[in-house]
Amino acid sequence: MEEKKRPLLSELACVNSNCESYGQAGLENLTVRKVYGQDRIRYLRCHSCGAEFSERKNTAFWNTKIPESRAIEVGRQIAEGTSIKGTSRLTYTHPDTVKRLTLKFGQHAQDFHEQEAQQLDIDILEMDERHGYVASKKQQCWDAVSIDAASKFIVHVAIGPRNTDLIERLMQGSHRRLAHPPRPGADDRWRSELSHSLSGHLRGVLPPPRQSTMGRPPNSKYRIPRTLAHVQVIKHRQGQKLEAVEVSKAHGSWQRINQALDEIGYNIPNTSTVERFNGTARRMNAHQVRRSLAFAHRSNTRQAVAWWSATVYNWVRVHRSLRTPLEVTEGKKRFQQRTPAMAVGLTEHIWTEAQILRAPVYIASQE
């Protein structure tokens, strides 16, 4: 069974940060010292530094007392949008254990994303936020995401109140993962705050030349490169009814914007990719379902579920629009199913929840 498959020894690395082989898999410096526990966990020894550690170290299963098969099933239920109490009933697991595993899986997913999602070759970003709350409806908690319009890959997730700090964290997290600044990007609703953040984070600051050696130097100015454009899609509503949609150019030129639209097959600037993901995210996150009694009582639970569901979306869920045609067999077309992580070039196969949870992480998230 898939739950019983364990990673190859060549895929693991030393977890001692002071070791010269730290985080480097395939060096043949690890051997199995013993096997223990119900799940037959391997206890490893590194010949480079002499450290001994469990193969669960730096994975989501570290210090997990229940069987791995049941822990994996808990992760699958949470990723399907099942509530904590519902997951407890379906997996025969105590609710406190489900809560603890949810926090562990969410933190592991965030660290896994920080390790794997680097130097992304992305040209067009779409950004949006989903309304929500935590503890009570008076305490607002929004999910802000940035997504690649071509590969449907979730670049970054930021959780918190809808303010300038949320925008800053989303832009900083998105920027440090890119191999180069994106070209035209579209966002929904974020007016001047996002324009300022785009200026500062997607491109550096340009210090103006000094005219004199006396006095204070002039204030630095934000420089927008010619390859960058920013489009705002502003929705005007009257109550619950959508009255009009306004498309506004904040930075760049319409020539650059139209060039990007031709590449992705859009007729007009829009946020259709991120809007579709918002609908999927609400199904994968019980805390975001509208008119539901399932809401997060704590902000750390809300953040954990958001990161875990986004990671499963990137690496596990195949996307219909990303499939590629193969050869024709017996008059029937065959297609290769792909996930967003495959489309963006981070992997060549479809992952499972178990593989993500067993994947060791050698760096910690910066949030």
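The values are calculated or read from the model by the stated rules, or taken from the named source; none is laboratory data. As the structure is a computational prediction, the values presented were derived from the model and not from experiment. FYI the Cβ positions are ideal-geometry reconstructions off the backbone, even for glycines, and counts take in every protein chain you see. The protein model used for the area step is the full one, side chains on, heavy atoms only, and it has no ligands, DNA or RNA in it. Shrake-Rupley method; radii C 1.70, N 1.55, O 1.52, S 1.80 Å.
Being surrounded by 21 or more Cβ atoms within 10 Å (Cβ to Cβ) and part of a loop (DSSP other than H, G, I, E, B) is the filter here, so list the residues in the range 125-135 that pass it.
Gly132
When the residues of the range 22-75 are narrowed to those that are in contact (Cβ under 8 Å) with a residue 12 or more places away in the chain, polar (S, T, N, Q) and not in a strand (DSSP E or B), which ends up farthest from Glu353 (Cα to Cα)?
Ser48
Given the options Ala286, Ala229, Ala296, name the one that is more than 30 Å from Ser136 (Cα to Cα), among the small types (Gly, Ala, Ser) and over 16 Å from the mean Cα position of the chain (by Cα).
Sole residue among the options that is more than 30 Å from Ser136 (Cα to Cα), among the small types (Gly, Ala, Ser) and over 16 Å from the mean Cα position of the chain (by Cα): Ala229.
Specify which of the listed residues (Lys104, Lys65) is open to solvent by 20 Å² or more (accessible area, probe 1.4 Å) and at pLDDT below 90.
Lys65 is the lone residue from the list that is open to solvent by 20 Å² or more (accessible area, probe 1.4 Å) and at pLDDT below 90.
What single numbered condition from (1) touching a helix residue (DSSP H, G or I) at 6+ places or on another chain (Cβ under 8 Å); (2) in contact (Cβ under 8 Å) with a residue 40 or more places away in the chain; (3) open to solvent by 10 Å² or more (accessible area, probe 1.4 Å) fails to hold for Glu168?
Going through (1) touching a helix residue (DSSP H, G or I) at 6+ places or on another chain (Cβ under 8 Å); (2) in contact (Cβ under 8 Å) with a residue 40 or more places away in the chain; (3) open to solvent by 10 Å² or more (accessible area, probe 1.4 Å) one by one, Glu168 breaks only (2).
For the range 83-99, state whether one or more residues are assigned to a loop (DSSP other than H, G, I, E, B), under 25 Å from the mean Cα position of the chain (by Cα) and at pLDDT below 90.
Yes, there is a match, as at least one residue in the range 83-99 is assigned to a loop (DSSP other than H, G, I, E, B), under 25 Å from the mean Cα position of the chain (by Cα) and at pLDDT below 90.
Inside the range 242-361, counting only helices (runs of 4 or more DSSP H) that do not spill past its ends, which hold 3 or more residues that are surrounded by 14 or more Cβ atoms within 10 Å (Cβ to Cβ) and touching a helix residue (DSSP H, G or I) at 6+ places or on another chain (Cβ under 9 Å)?
Hits in the range 242-361: 272-284, 299-315, 340-343, 353-358.
Any residue at all in the range 28-49 that is closer than 22 Å to Ile159 by Cβ, hydrophobic (A, V, I, L, M, F, W, C) and touching a Phe, Trp or Tyr at 6+ places or on another chain (Cβ under 7 Å)?
Looking for residues that are closer than 22 Å to Ile159 by Cβ, hydrophobic (A, V, I, L, M, F, W, C) and touching a Phe, Trp or Tyr at 6+ places or on another chain (Cβ under 7 Å), one finds none in the range 28-49, hence no.
Kindly indicate whether Ile159 is at pLDDT below 90 and within 28 Å of Arg338 (Cβ to Cβ).
Taking the combined requirement at face value, the residue does not satisfy it.
The conditions are (1) open to solvent by 70 Å² or more (accessible area, probe 1.4 Å); (2) aromatic (Phe, Trp, Tyr); (3) in contact (Cβ under 8 Å) with a residue 24 or more places away in the chain, and Tyr92 fails exactly one of them. Which is it?
Condition not satisfied by Tyr92: (3).
Would you say Lys138 is part of a strand (DSSP E or B) and either in contact (Cβ under 8 Å) with a residue 60 or more places away in the chain or open to solvent by 50 Å² or more (accessible area, probe 1.4 Å) (or both)?
yes
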